[in-house]
Amino acid sequence: MNHFEYIDGVLHAEGVSIPEMADKVGTPFFCYSTATLERHYKVYADAFEGLDATVCFAVKANSNQAVLKTLGNLGAGADVVSVGEMRRALRAGIDPAKIIFSGVGKADAEMREALEADIAQINVESIPELVELNRVAIEMGKKARIALRINPHVDAKTHEKIATGKAENKFGIDWTRAIEVYRDAAAMDGIEVTGIAMHIGSQLTDLTPFREAFTRLAGLVEQLRSEGIHIRNLDLGGGLGIAYQGETPPLPDAYGQMVRETVGHLGCHITLEPGRLIAGNAGIMVSRVMYIKDGEAKRFVILDAAMNDLIRPTLYSAYHEIIPVEEQGEEDVQATVDVVGPVCETGDTFGKDRKLPDDLKAGDLVAVMSAGAYGAVMSSTYNTRALTPEVLVKGNNFAIVRPRQEIDQLINMDQIPAWLGNE
Ligand code: LLP
């Protein structure tokens, strides 16, 4: 459920009309809905009521300060994967005691800053990383609270680029070796073992792989306990999918129930790291039609947004619904079109064979739906296109939460070496 709806035939974000924002902000832009973010957070958090659980929003999905602050105000913590994300979470006012640092490889400087900030936990993904963290912590006279991220060798049955729990994936420590690595960790002076972490993949639309992985995790926790290694935090990662194209992923409640059934008896604190589920359908990308090109084989709708703004369609063959901002009547004629961007690559295509109004014309607005997660955060300046602005709506108000970057700002980052002259 989201708050992007037609009101009197015009698409609105909550109480604000999209054309009104487009006039003020220019296109393209990302638009987020506060009510949707809040609703998703609450529905998800409520699914764990009665359990000792913290919802740490996966900052990688949407790291805008305004989004983080919106969620932080509701009590969300943060799952971060770089020192940059950690600083964003801290600056948005998120309590360090609710920040988890995940990721396959952390640099010394990142470990130092995380220890300095005294965040809740660092999730370690390999033995060399554990050894390094131990060294850094001892040097700083600290003990690093850690979880080991365990790879349960479970197929999440999602897109190959976002599956993380199989033996051939680069993530975590193989579950078959977990006990020995925990033994090593427990003996390290700079390490305090607090938890165990798992994240098997993203955009999962079935509970079965989660159930399999968490059951394996529960078994490990019991085995560790019998060895005197006490795990008090279970970090179950994120990954619950959303509907992009009519999928019917399990509801948070069913997910919560499965969590209770698989690990509820362990009496541990539980950390959850949802990203997409909170932000995905809380954002859209608004773009203006630049040209309609009737080719021999196809009609192309050429937008002013491109793959640099939203890379998911070309990177993962991801489907994003594309709708006209002016509502189409039931009687109106539809055309089958390819919706593309202006970047010089065939891959710069947002959707193939889509139905859009036959009379859609240059200057009209369209909305690319479900762009709130892994949208703006993955954008680039390819083709020297400035980063797209972001707007947050709340009720009848909206605010620009990241202004449009100036093209000159971008060019000015380059430096010409002396030998080329700097005229
Ligand atoms: N925790 C960890 C350790 C993760 O690696 C991820 C996502 C999450 C939590 C959040 O997962 P979510 O709830 O959002 O599924 N760029 C890709 C998605 C990459 C996900 C990477 N890890 C996309 O656009 O589909």
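May I ask you to say which residue of GLN334, GLN257 is surrounded by fewer than 17 Cβ atoms within 10 Å (Cβ to Cβ) and in contact with a strand residue (DSSP E or B) (Cβ under 7 Å, 6 or more places away or on another chain)?
Numbers: GLN257 fails: in contact with a strand residue (DSSP E or B) (Cβ under 7 Å, 6 or more places away or on another chain).
Sole residue among the options that is surrounded by fewer than 17 Cβ atoms within 10 Å (Cβ to Cβ) and in contact with a strand residue (DSSP E or B) (Cβ under 7 Å, 6 or more places away or on another chain): GLN334.
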* Asked: Of the numbered conditions (1) open to solvent by 20 Å² or more (accessible area, probe 1.4 Å); (2) more than 16 Å from the ligand (Cβ to nearest atom), GLU247 satisfies every one except a single condition; which is it?
  -> (2)
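Of all residues being within 16 Å of the ligand (Cβ to nearest atom) and in a helix (DSSP H, G or I) in region 90-114, which is surrounded by the most Cβ atoms within 10 Å (Cβ to Cβ)? Just the residue, please.
Checking each candidate, the answer is ALA114.
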* For region 149-171, enumerate the residues that are modelled with pLDDT of 90 or more, touching a Ser or Thr at 6+ places or on another chain (Cβ under 9 Å) and over 14 Å from PRO209 (Cβ atoms). => ARG149
* To do: Could you tell me whether any residue of region 290-308 is open to solvent by 10 Å² or more (accessible area, probe 1.4 Å), within 30 Å of ASP46 (Cβ to Cβ) and of a type outside the set (A, V, I, L, M, F, W, C)?
  => no
* For region 35-52, name all the residues that are surrounded by fewer than 22 Cβ atoms within 10 Å (Cβ to Cβ) and either of a type in the set (Val, Ile, Thr) or not in a loop (DSSP other than H, G, I, E, B) (or both). => ALA35, GLU38, ARG39, LYS42, VAL43, ALA45, ASP46
* To do: Look at region 309-326 and say how many of its residues are open to solvent by 10 Å² or more (accessible area, probe 1.4 Å) and in a loop (DSSP other than H, G, I, E, B).
  => 5
* Kindly provide the set of residues from region 56-89 that are open to solvent by less than 30 Å² (accessible area, probe 1.4 Å), of a type in the set (Gly, Ala, Ser) and assigned to a helix (DSSP H, G or I), ordered by number. => ALA61, ALA66, GLY72, ALA89
* Look at GLY275 and say whether it is assigned by TED's automatic domain parsing to the domain that holds THR208, under 30 Å from VAL80 (Cβ atoms) and within 16 Å of the ligand (Cβ to nearest atom). => yes
* To do: Name the single residue, out of those in region 130-176 being out of contact with any strand residue (DSSP E or B) (no Cβ under 8 Å at 6 or more places or on another chain) and closer than 13 Å to GLY190 by Cα, that is farthest from the ligand (Cβ to nearest atom).
  => GLY141
* **Residue count for region 140-192, restricted to those that are among the hydroxyl-bearing types (Ser, Thr, Tyr) and either part of a loop (DSSP other than H, G, I, E, B) or closer than 28 Å to PRO249 by Cα (or both)** => 2
* Determine whether ARG211 is of a type in the set (Lys, Arg), over 24 Å from VAL136 (Cα atoms) and assigned to a helix (DSSP H, G or I). => yes
* Out of all the residues in region 219-239, is one or more hydroxyl-bearing (Ser, Thr, Tyr) and within 25 Å of LYS166 (Cβ to Cβ)? -> no
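Here's the yes/no breakdown for (1) β-branched (Val, Ile, Thr); (2) without any contact (Cβ under 8 Å) to a residue 24 or more places away in the chain; (3) open to solvent by 20 Å² or more (accessible area, probe 1.4 Å):
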site	(1), (2), (3)
ASP348	no, no, no
ASP353	no, yes, yes
ASP358	no, no, yes
ALA367	no, no, no
ALA373	no, no, no
VAL377	yes, no, yes
ARG385	no, no, yes
PRO389	no, no, no
ASN397	no, no, yes
* Given (1) surrounded by fewer than 18 Cβ atoms within 10 Å (Cβ to Cβ); (2) within 16 Å of the ligand (Cβ to nearest atom), where does GLY219 come up short, assuming only one miss? -> (2)
* To do: For LEU74, indicate whether it is at negative phi, assigned by TED's automatic domain parsing to the domain that holds ASP253 and not polar (S, T, N, Q).
  => yes
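Going through region 115-131 one residue at a time, which ones are of a type in the set (D, E, K, R) and either open to solvent by 40 Å² or more (accessible area, probe 1.4 Å) or in a loop (DSSP other than H, G, I, E, B) (or both)? Don't jump to the end; show me each part of the working.
Residues of region 115-131 that are of a type in the set (D, E, K, R), as a first pass: 116, 118, 125, 129.
Within region 115-131, GLU116, ASP118, GLU125 qualify.
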* Examine region 301-311 for a residue that is among the β-branched types (Val, Ile, Thr), at pLDDT 95 or above and more than 16 Å from the ligand (Cβ to nearest atom), and state whether such a residue exists. => yes
* Asked: Of everything in region 230-278 that's part of a helix (DSSP H, G or I) and of a type in the set (S, T, N, Q), which residue is nearest to LEU71 (Cα to Cα)?
  -> GLN257
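The values are calculated or read from the model by the stated rules, or taken from the named source; none is laboratory data. Worth saying up front: this structure is predicted, and the values here are computed from it rather than measured. So basically every Cβ, Gly included, is an ideal-geometry build from the backbone, and we count neighbours across all protein chains shown. Note: accessible area is taken over every heavy atom of the protein model, side chains too, but ligands, DNA and RNA are not part of it. Shrake-Rupley method; radii C 1.70, N 1.55, O 1.52, S 1.80 Å.
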